[in-house]
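Throughout, read-outs are computed from the coordinates displayed, never taken from laboratory work. Fair warning: this is a prediction, and the values are worked out from it, not measured in the lab. Here the Cβ positions follow ideal geometry from the backbone for every residue, glycine too, while neighbour counts run over all protein chains shown.
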Amino acid sequence: MKIIVPILLNFMPHVYIIKSKKSGKYYIGCSGNVITRLLLHNQGKVISTKTDGPWELIYSEAYPNLKEARKRERQIKRWKSRAAIERLIKCKI
């Protein structure tokens, strides 16, 4: 499978949401390279997502620096609500 992504998506800090094709679970993360991180999730190299792959990238937000991206990641994770995450995804797509 070939993934075509704008160059900036690869090298800017992002908050991302991936969804398990197996279980339907969401995972919220933060990375300076979203595509590489997604590959790691799908290769089973991330402990917290190892058992639920394959994963698909369904949402991302770019930030000027990793500090701001991590701040947003924590905010989304604090919601602890599948409905809130799905509203975020729906509004941004």
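If the chain linking Asn33 and Lys80 were pulled fully straight, counting 0.36 nm for each residue of separation and taking away their Cα-Cα distance, it would gain 14.4 nm. The packing ranking of peptides 40-52, 78-90, highest mean first, is 40-52, 78-90, where packing means the average number of other beta carbon atoms within 10 angstrom of each residue.
Once both labels are positioned 7 Å from their Cα atoms along Cα-to-Cβ, the gap between Ile89 and Ser23 label points is 1.5 nm.
Set against the labelled values (1) 12.6, 34; (2) 37.9, 120; (3) 17.1, 49, Rg and Dmax of the Cα atoms in Å computed from this structure falls on (1). Here the contact order of the chain, divided by its residue count and restricted to Cα pairs under 8 Å and six or more residues apart, works out to 31 percent.
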